[in-house]
Amino acid sequence: MKLLLKLLLVPILIDLPGIIHTLSSHHYRNEDPIIINTTHSSMLPTTSAPPPPPSPSILNKPEPSPCDLIEEAAALHCIGPLVDYAADLSNNVLHPPLSAVEMTCDKYNQYMMCTQGVRPDCRQSRAPNIEFMYETICEEKLAAIMKEEKTCLLEVENDKNVKECFVNKTNTLRDETPDTVSTTQNYECTVIQAYVDCLIEREETTCRDAVKIEISFLSMLAKRNSEARCELNTDATKARPKAQPLEECDTQGNCKCRLPGYYYEAARKKCLDVDECESLSSGCSQKCINLPGSFECTCDQRFYKLAADNKTCERIDQSPMWLFFAHGQSVWNISTDGKSFQLQRAGLQKTAMIDIDVKENRLYYADIGANVIERMNIEGTFPQAVQRFDVDGLEGIAVDWIGRNLYSLRRLEGLKILKNQIIFFREDVLVQSLDGRFRQSVYRNVMKLPRSIALHPSKGIMFVTDWSANAFIAAASMDGSHFRKIITDRITWPNAVAVDIFAEKIYWADAFLDTIESCNMDGSARRIIIADAGSVPHVFGLAIADDFLYWTDWTYRGILRANKHSGENITVLAQTALLPYSLKVFHKTLQPEQVSTCASRGCDQLCLLGENGAATCACGEGFDLQIDGKTCRSNCSDSQIECGGADPKCISKIYLCDGLAQCSNQADELNCPPRICLPGQFQCHDNRKCLPPGGLCDEVADCADSSDEMYCPHQTKNARGDFVLNSPSLRKERSVAEWDNFI
């Protein structure tokens, strides 16, 4: 593919009025090729051979540049995203995909904003061809045409037969240079013509207009330079020389494929490509790109480099990784070789869920026993409460390191009264700011027994597991807009889920089936990594780093590791005194920094990332989003108190005078009777009894004055506006069917 990369910085000019008139008028026949006339030849830059290099000398001065050093560095930094379409070899590298014209133009707008401090003559001198190409694509009328044909352009770009045709036609040029190509048809022209031929030979009869747009754009590329004399043959009726067939058959009719990477299918009497990526024979660490007769492994070049075996991705930053795991009454870290242990946090009551924020070097953990979510520095100092209420039933937490939010799964069932009707509800997935100031439900009533959660913030997707009777794994938009089940069969107790953000795969462990499996992010390409009751008898936590899987196991009471592709080389890194719970890996490579769309949204309280680069403003509980889509206004209910000051939020009156200030201005702890209970315990309003948090709102009046059931979701009011505790009439209205659906 390296021959295609030589075309990235070619000069590009087009007779824009000609193509717009041709494509927008639709006054052409489907069989007519679109020809673009480049009439302004006097304006065309040339691609003549560069002069011979001067003799080296430290006294030689560089040619005058319109840029100073700072401007040049800034311009080169900003131009990077405009050519990232060439980084993925599965895309058409001749130009950005025309189907993604909106994204292409967004990138161009960001580029122009990025280079605001660079003089125009300097900016244009760094990559004039790329800049002009984007400017042309984003011209209003041409962009409108491409948007109209978006679906068909995408179909053409993803046509597997066209891709195979293009690679086959250019295989003979793979190691050639422009100097070795015949002067009658220059090297670049040969490559562009090959792709045009493949488009014309396309077997599908659909999307003819999209094919014409693509060919027209390629014609523009070829004709940018009058000296090149590249006249593309876009006539579909002209006979083409047929490529040499892949099949070779002897006189007895025994056939085989003459090239490796293909297999002969007797039923179709044709050689077909072996998809090494689908068959997993490639062994790529991260992404695999299937090519006709071959494949290529690629790595995220920001953090990894391809090893000598052309399969393994080697991490550039070789600083050590650390494992953090919850241990009930404590949190520990351990080196990835199991040789170094360190106590991170002690004195906890019941901690099972943790996560990491690399950007701020913080550890987040939920202590269910103390009814608190806390965070602390990764060094084990300065613990800080994020949330001191509604932590019961928490099943998992996950840090959104790009949008700067904390997501959690909560198994909480309850009732609400809306318009005199009983509404059953479950708060399945919640999101809150990292400091805990604002919180809201993202998904309700979509899960029965939520169990585990993992995020892919750069994609705006979360993955959650449910281990109810109808267990499943779901992929959901992080902004709450789309929830879809991707794994529903052959799954029982999906205890843990983890995302390999570089390979774009998910892994999960089933504690009932004793397996660890993986699939693509849409649920396809599912396969078993480990299926052995002796190796994975009861997995609880799961994490991925580089080419390894790490997990905690209750039967072993230990932390284990294995190869993420094959499941081989299972190693017990350490064994623990108590049951090990959630497990996370700390390293800056695993949470890549990225400019968040939220940075420019100006949200008042919460900003939630969505799919395809979306970002949505949201408000915490008790607040309504205003018409501007950014500002939040208080709407606390009668059963809530509004915290004022710098920490505005609504909290349930259940937490009034509990000895723990939920409001930063301590509005919930003002004018309270003397405390006889420990902090965090509920003190009955008659001051005669103390209750643990779990005794609240359980529909059983533990206090003599029933104050532990006041302000609960299942309560209602009488005509005087007083709360009615454990209303018999309310209980009578709950039908058996409703309870069955609820449970």
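The values are calculated or read from the model by the stated rules, or taken from the named source; none is laboratory data. Everything quoted here is computed from the prediction, not taken from an experiment. Cβ coordinates were reconstructed from backbone atoms using ideal geometry, including for glycine residues, and neighbour counts include every protein chain displayed.
Some observations on this one:
- Counting the residues of segment 278-295 that are surrounded by 16 or more Cβ atoms within 10 Å (Cβ to Cβ) and either within 16 Å of Y263 (Cβ to Cβ) or more than 23 Å from the chain's Cα centre (by Cα) (or both) gives 7.
- In segment 618-635, the count of residues that are among the hydroxyl-bearing types (S, T, Y), in contact with a helix residue (DSSP H, G or I) (Cβ under 9 Å, 6 or more places away or on another chain) and surrounded by 14 or more Cβ atoms within 10 Å (Cβ to Cβ) is zero.
- Residues within segment 332-346 that are assigned to a loop (DSSP other than H, G, I, E, B), surrounded by fewer than 17 Cβ atoms within 10 Å (Cβ to Cβ) and in contact with a Leu (Cβ under 8 Å, 6 or more places away or on another chain), tallied: 1
- If you go through segment 518-530 and pick out every residue that is assigned to a strand (DSSP E or B), modelled with pLDDT under 95 and of a type in the set (G, A, S), you end up with 0.
Okay, residues lined up against (1) outside the structural domain of T465 (by TED's automatic domain parsing); (2) within 16 Å of P320 (Cβ to Cβ); (3) in contact (Cβ under 8 Å) with a residue 24 or more places away in the chain; (4) not in a strand (DSSP E or B):
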{"residue": "A543", "(1), (2), (3), (4)": "no, yes, yes, no"}
{"residue": "W551", "(1), (2), (3), (4)": "no, no, yes, no"}
{"residue": "T555", "(1), (2), (3), (4)": "no, no, no, yes"}
{"residue": "A562", "(1), (2), (3), (4)": "no, no, yes, no"}
{"residue": "G567", "(1), (2), (3), (4)": "no, no, yes, yes"}
{"residue": "L573", "(1), (2), (3), (4)": "no, yes, yes, no"}
{"residue": "L579", "(1), (2), (3), (4)": "no, no, yes, yes"}
{"residue": "K584", "(1), (2), (3), (4)": "no, yes, yes, no"}
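- Residue match in segment 705-722 (condition: on the phi > 0 side of the Ramachandran plot and at pLDDT 85 or above): yes
- Boolean, T136 is at pLDDT below 80, surrounded by fewer than 15 Cβ atoms within 10 Å (Cβ to Cβ) and either assigned to a helix (DSSP H, G or I) or not aliphatic (A, V, I, L, M) (or both): no
- If you go through segment 261-303 and keep only what is in contact (Cβ under 8 Å) with a residue 60 or more places away in the chain, more than 18 Å from N168 (Cβ to Cβ) and not in a loop (DSSP other than H, G, I, E, B), you end up with E278, K287, T298.
- Residues in segment 498-533 that are touching a residue at least 60 places away in the same chain (Cβ under 8 Å) and either more than 15 Å from A562 (Cβ to Cβ) or assigned by TED's automatic domain parsing to the domain that holds F303 (or both): I501, F502, A503, E504, M521, A525.
- Checked against the criterion of being modelled with pLDDT of 75 or more and farther than 30 Å from L142 by Cβ, the candidates L259, L280 yield just one match: L259.
- Segment 447-495, subset surrounded by fewer than 18 Cβ atoms within 10 Å (Cβ to Cβ), under 30 Å from C619 (Cα atoms) and not hydroxyl-bearing (S, T, Y), residue modelled with the lowest pLDDT: L449
- In segment 370-391, the residues that are touching a residue at least 12 places away in the same chain (Cβ under 8 Å), within 30 Å of K653 (Cα to Cα) and surrounded by fewer than 17 Cβ atoms within 10 Å (Cβ to Cβ): P383, A385
- Of the numbered criteria (1) at negative phi; (2) at pLDDT below 90; (3) surrounded by 11 or more Cβ atoms within 10 Å (Cβ to Cβ); (4) not aromatic (F, W, Y), the one R268 fails is (3).
- Residue identified as at pLDDT below 90 and either outside the structural domain of T351 (by TED's automatic domain parsing) or of a type in the set (D, E) (or both) among D392, D435: D392
- Looking only at residues of segment 304-331 that are of a type in the set (G, A, S) and part of a strand (DSSP E or B), we find that the one that is surrounded by the fewest Cβ atoms within 10 Å (Cβ to Cβ) is G328.
- Taking the numbered list (1) touching a His at 6+ places or on another chain (Cβ under 9 Å); (2) over 29 Å from G629 (Cβ atoms); (3) not hydroxyl-bearing (S, T, Y) in turn, K485 passes all entries but (1).
- Identity of the residue in segment 649-677, touching a residue at least 60 places away in the same chain (Cβ under 8 Å) and either part of a loop (DSSP other than H, G, I, E, B) or in contact with a Cys (Cβ under 6 Å, 6 or more places away or on another chain) (or both), that ends up surrounded by the most Cβ atoms within 10 Å (Cβ to Cβ): K649
- Qualifying residue in segment 542-561 (condition: buried (at least 18 other Cβ atoms within 10 Å of the Cβ) and either among the polar types (S, T, N, Q) or in contact with a helix residue (DSSP H, G or I) (Cβ under 7 Å, 6 or more places away or on another chain) (or both)): yes
- Residues that are within 17 Å of I544 (Cα to Cα) and in contact with a Ser or Thr (Cβ under 6 Å, 6 or more places away or on another chain), drawn from segment 326-356: A326, M353, I354
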